[in-house]
Structure formats: C-alpha cells, structure tokens
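Just below is one structure, and these are the notes that go with it.
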Amino acid sequence: MPYVSTNPSNTSDVVTEVELGTSRTFVDSAQRAKAAQRAWARVPAPVRGQVIGNIGRLVEANFEPLAQLVTREIGKPIAEARGEVQEIVDTCNFFVGEGRRLYGQTVPSEMPDKQLFTFRNPVGVAAIITAGNFPVAVPSWYIIPALLCGNSVVWKPAEYSAASAQAFYDVFQASGIPAGVFEIVFAEGSETFNGLEQSLREGLVDKVGFTGSSEVGVRIGELCGRHLQTPCLELGGKNPMVVTEDADLDLAVQGALFAGFGSAGQRCTSLGTAIVHESVYDEFLSRFVEAVAGATVGDPTGDVLYGPLLDEKFALAYEKYLGWVGEHHTVHGPTGRITAASSRNGFTGENGFFYHPAIVSGVRADDELFLQETFGPIVGVMKYSDLDEAIELGNKPGYGLSCSIYTTDPNKAFRFRAGISAGMVSVNNSTSGAEAHLPFGGNGKSGNGSRQSGVWVLDQFTRWQSMNWDYSGKLQKAQMDTLEIEANLDYRLG
C-alpha cells in the first residue's frame with residue numbers, strides 16, 4: 001500500500017511516496033537482522049566505534065540537506081531542524097569513545113586462587129519504533145548506542161516522516177555497516193504491532209525501543225512483558241513549569257514561550273501547564289500573553305517561533321484538545337486554524353496546518369486540559385499559593401517526563417527537585433532541551449524508568465554477564481569453603 005508524505009506547510013507539495021509493508025515485512029527484516037547480529041558482535045567494540053565515527057562525519061557532510069528535508073517534511077523551523085541534525089553528530093561524537101569504554105570489572109573473590117569478572121554483552125536484535133516529531137534525532141539516541149554495543153537493529157519510523165527517515169538510513173548505510181545489521185521498515189501501526197508480536201514469539205527480537213504515545217506504550221509494554229522483556233519506553237508528557245514569587249519573570253516568559261510553542265508544542269517535553277505563584281500570577285500572565293502575541297508563526301524556512309502541525313491527523317487531534325476549553329477558562333487571543341477569516345499579525349505561512357497559539361488561564365486541577373497531554377500549541381496557566389501545593393499539582397497528571405522551576409532561591413529549587421516525579425528537572429530553563437551526554441527519559445505515564453543518551457543508555461542495549469575462574473585445582477564452594485578469621489569480640493578497653 002502506498003503512503004504519500006506531504007509538506008505540512010504546503011499540502012500540495014509531495015515530499016515522497018513509499019510503499020508500506022506488512023507484518024511479514026517486519027518479520028523478514030528481523031530475520032535478516034538476527035542472521036547478521038553475531039558477526040557484528042564479533043567486530044571489536046573500538047572498531048564498531050569507528051563506524052559510529054564514520055556516521056558522524058557523514059551526517060556533518062550532509063548536514064544542510066538533511067535539515068532542509070526535515071523542515072520541508074514535518075514543518076519544523078529550520079533553526080530547530082539544524083539543531084536536530086546536530087544532535088546526531090553530538091551523539092556520534094559521544095559514542096565513538098564508548099567503543100573503547102565498554103568496561104566490565106575484575107572483582108575479588110572470597111576464595112583463594114579464583115577470579116571474578118563481569119562483561120557487557122549485546123542484547124541481540126533491537127526493534128526500534130519512533131515518532132516523526134524528531135525524525136532523525138530521537139532515532140539516533142537508540143540506533144547509535146545499539147549498534148555500538150554489537151546489536152543489530154530493525155527500525156520502524158513514522159510514515160509521515162518517511163523521506164527524512166530514508167535519508168537518515170541512507171547516510172548510515174554509507175558508514176560501513178554490514179548488510180542486515182541495520183534494517184528499515186515502513187509500515188502502518190497495526191501491521192507493525194502484529195509483526196513485532198510474531199517476531200517476539202519466534203525469538204527474533206530481544207529488545208524493543210519505542211517513542212510515542214503513552215497509550216501505545218502501554219500495549220507495547222504488555223506485549224514485551226509476555227515475553228519477559230523490558231522495553232525502553234519514551235512516552236508522552238504533561239510537563240509543568242513552576243514560577244515562584246521570586247522568579248525572574250522576563251526569563252520565565254522566555255522559557256514558557258519556547259517550551260510551550262517551539263515546534264508548535266509538538267514535543268514530548270513541551271510545556272503543559274505554567275503553575276504560577278499567586279503573587280506574580282497576573283504579571284506573568286500579562287507578559288506571557290504579550291510575548292505570544294508578538295511571536296512570528298508561519299513558514300518554517302524563515303525565522304519563526306513555530307510552523308505547522310506535523311500532519312493532518314495531529315491537526316484533528318489538536319482540535320479535539322481545543323474542545324476541552326470550558327466556560328471557567330479564559331482564552332487569550334484567537335484559537336483554531338489560521339485562515340483569512342481568522343488571521344494573525346505577522347503570519348508568514350500559506351496552505352498548511354497552521355494554528356493559532358493558545359494560552360488558557362483559569363485552569364483547574366480536575367480539567368482534562370490539565371490532566372491530559374495536549375500535543376500542539378496550547379499552554380494552560382494556573383495559580384498556586386505554596387511550593388508544596390505546586391509540587392503536588394506538578395505530579396497530579398501522572399506523567400513524569402520533564403519539568404522546570406523558575407526561582408532565585410536555591411532552597412526552592414532543591415525542594416522542587418526532591419518532590420517532583422519527573423525524570424528531568426530544569427532550573428531557570430525551558431522544559432525542552434536535551435544534551436547527548438545526559439540521561440533522557442521519564443516515569444509514570446511518561447515511561448517505564450528506562451533512560452536514553454549518555455552512558456545510561458548502555459544498560460538498555462547490553463546485558464551484564466558474570467564469569468568466575470577457579471584455578472586452584474580443586475572444587476571450592478562459595479559460602480561454605482571460605483576462610484574465617486576469628487576475633488575476640490569480648491575485648492573491652494579498661
């Protein structure tokens with residue numbers, strides 16, 4: 001079945017057309033990956049690191065075409081698209097050296113003439129399923145360390161970012177990766193799930209990595225659990241930003257603007273609700289509304305805060321979220337699609353999925369708008385009276401991906417960090433933004449505690465193996481044949 005990927009800034013612009021596979025396509029790819037994995041694992045880890053280095057250099061050589069393609073296909077502002085491509089380079093630069101640092105340990109034994117060792121072994125075949133809002137950066141967080149550790153990979157990218165995914169795959173293939181070690185599959189969601197289920201049943205997949213919605217993440221977690229596997233799940237977020245009474249309000253507004261509306265609010269780390277101290281609530285809200293009103297929305301090839309929504313299905317979902325606005329809310333400015341009848345000052349777009357930025361104040365703790373992820377350019381604003389209340393509100397939706405606090409009081413910053421359930425905490429910074437050497441991931445409805453990026457992701461793609469080597473020439477039984485040194489425990493001074 002063919003799938004047509006179009007430019008969300010100009011829906012008449014066809015970016016690519018791909019033939020979608022079936023569950024059988026996925027299984028066949030997993031079989032090829034399984035057949036290739038052992039030989040790849042036998043390649044010395046420092047040499048696999050050289051391949052990762054090759055990928056980094058190739059991405060740098062194709063930097064601008066790849067960034068421009070991301071902008072054209074998913075409507076991400078070009079500055080952010082370039083940042084996304086840089087994320088691949090940064091990830092490669094980090095993991096080049098990890099090929100020489102896949103350390104185990106030599107551990108002392110309780111027995112004489114015996115040594116204990118630990119080793120990191122590759123998991124096997126990793127099935128990676130990713131969303132299209134970060135079509136090249138997020139896949140690199142999985143695929144680069146998976147390959148470095150000696151695994152083979154079957155990657156299923158989002159259909160609506162098919163051209164970006166194919167370009168990413170083609171660059172990786174030029175790096176020297178052997179045939180079968182890295183496979184790409186284009187398929188619709190249900191076919192992918194069926195193919196994954198069959199591959200797990202046949203023992204073809206040893207690790208699953210998934211970035212996407214919490215609802216689908218639950219299904220994948222259940223499926224993997226039936227096969228005694230723990231997937232790496234990076235799911236949605238309802239990320240709070242707490243603004244305290246002593247915060248630098250101008251800085252807080254800058255952070256809220258980027259966190260809430262950068263990438264049109266289509267990040268898992270986008271700001272969900274600004275939780276503002278009652279003493280500065282009115283002033284913050286006024287400044288925030290003014291900043292959003294003055295921001296440029298439109299053509300993502302230019303200097304804009306954000307461009308279109310990713311695809312028609314996201315536009316339809318966003319309109320559902322707008323339906324959660326109730327009578328007790330105040331909406332600041334127009335909402336819905338930007339059209340000639342509902343225009344916006346400074347708008348630079350044309351025929352695409354462009355939507356007004358929405359600030360909704362008066363949000364309550366029992367609102368759907370507060371409790372559920374809203375993937376799009378909408379931010380709720382609510383009051384709090386003391387920090388414990390703010391922390392409780394930040395935790396209430398049950399997500400736990402990212403959060404931030406704006407304060408000039410270190411005591412508040414550390415109290416917030418200790419009380420909030422999020423896996424990532426920012427102080428005086430946006431809820432969005434990740435660095436390649438820091439763990440990325442969430443808890444609760446945002447994930448199962450697994451982490452990507454930095455050395456922490458190595459635990460997702462390796463398994464610890466222990467080895468004991470007894471060269472005493474006799475059977476020594478642990479806990480039974482150990483040497484005991486007696487002490488006079490009745491001794492007392494004086």
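Of all residues being free of Cβ contacts under 8 Å to residues at least 40 places away in the same chain and either under 19 Å from Asp311 (Cα atoms) or not assigned by the TED database to the domain that holds Gly124 (or both) in segment 158-189, which is surrounded by the fewest Cβ atoms within 10 Å (Cβ to Cβ)? Just the residue, please. Among residues in segment 158-189 that are free of Cβ contacts under 8 Å to residues at least 40 places away in the same chain and either under 19 Å from Asp311 (Cα atoms) or not assigned by the TED database to the domain that holds Gly124 (or both), the one surrounded by the fewest Cβ atoms within 10 Å (Cβ to Cβ) is Gly189.
What about Pro44, is it of a type outside the set (Lys, Arg) and open to solvent by less than 30 Å² (accessible area, probe 1.4 Å)? When the stated conditions are applied, Pro44 does not pass them. Given Ala295, Ala317, Ala291, Ala259, which one is crowded, with 24+ Cβ neighbours inside 10 Å and either at pLDDT 95 or above or out of contact with any His (no Cβ under 7 Å at 6 or more places or on another chain) (or both)? Criteria check complete, one pass: Ala259.
Restricted to segment 320-353, and to residues there that are open to solvent by less than 60 Å² (accessible area, probe 1.4 Å), over 19 Å from Leu285 (Cβ atoms) and aliphatic (A, V, I, L, M), the residue that is nearest to the chain's Cα centre (by Cα) is Leu322. The condition of being of a type in the set (A, V, I, L, M), in a strand (DSSP E or B) and more than 21 Å from Glu312 (Cα to Cα) holds for only one of Leu116, Leu147, that being Leu116. Exactly one residue out of Arg72, Arg32, Arg48 is within 24 Å of Val138 (Cβ to Cβ), at pLDDT 95 or above, of a type in the set (Lys, Arg) and under 23 Å from the mean Cα position of the chain (by Cα), and it is Arg72. For segment 150-176, the candidate set comprises residues that are outside any strand (DSSP E or B) and polar (S, T, N, Q); within that set, the residue that is farthest from Val216 (Cα to Cα) is Ser175. Every test in (1) part of a helix (DSSP H, G or I); (2) of a type in the set (Ser, Thr, Tyr); (3) open to solvent by 20 Å² or more (accessible area, probe 1.4 Å) is passed by Ser279 save one, and that test is (1).
Against the criterion of being assigned by the TED database to the domain that holds Leu20, open to solvent by less than 10 Å² (accessible area, probe 1.4 Å) and under 18 Å from Gln50 (Cα atoms), Ala146 qualifies. Residue count for segment 335-363 satisfying the condition of being outside any loop (DSSP other than H, G, I, E, B) and small (Gly, Ala, Ser): 2. For segment 409-439, a tally of residues being at pLDDT 95 or above and closer than 23 Å to Arg101 by Cα returns 0.
Being open to solvent by 40 Å² or more (accessible area, probe 1.4 Å), within 30 Å of Gly400 (Cα to Cα) and in a strand (DSSP E or B) is a condition met by at least one residue of segment 461-475. The set of residues from segment 381-417 being closer than 20 Å to Gly441 by Cβ and open to solvent by less than 70 Å² (accessible area, probe 1.4 Å) comprises Gly394, Asn395, Pro397, Gly398, Tyr399, Gly400, Leu401, Ser402, Cys403, Ser404, Ile405, Phe416. Determine if segment 124-143 includes at least one residue that is in contact with a Ser or Thr (Cβ under 8 Å, 6 or more places away or on another chain), surrounded by fewer than 23 Cβ atoms within 10 Å (Cβ to Cβ) and over 30 Å from Lys76 (Cβ atoms). Yes, there is a match, as at least one residue in segment 124-143 is in contact with a Ser or Thr (Cβ under 8 Å, 6 or more places away or on another chain), surrounded by fewer than 23 Cβ atoms within 10 Å (Cβ to Cβ) and over 30 Å from Lys76 (Cβ atoms).
Checking Glu98, Glu80, Glu87 one by one, the residue that is closer than 30 Å to Asn7 by Cβ, assigned by the TED database to the domain that holds Gly189, open to solvent by less than 30 Å² (accessible area, probe 1.4 Å) and in contact (Cβ under 8 Å) with a residue 40 or more places away in the chain is Glu87 and no other.
The values are calculated or read from the model by the stated rules, or taken from the named source; none is laboratory data. Keep in mind that what you see is a predicted model, and the values were worked out from it rather than measured. We place every Cβ from the backbone using ideal geometry, glycine too, and count neighbours over all the protein chains shown. Just so you know, the surface numbers come from the protein's heavy atoms only, side chains and all, with ligands and any DNA or RNA stripped out. Shrake-Rupley method; radii C 1.70, N 1.55, O 1.52, S 1.80 Å.
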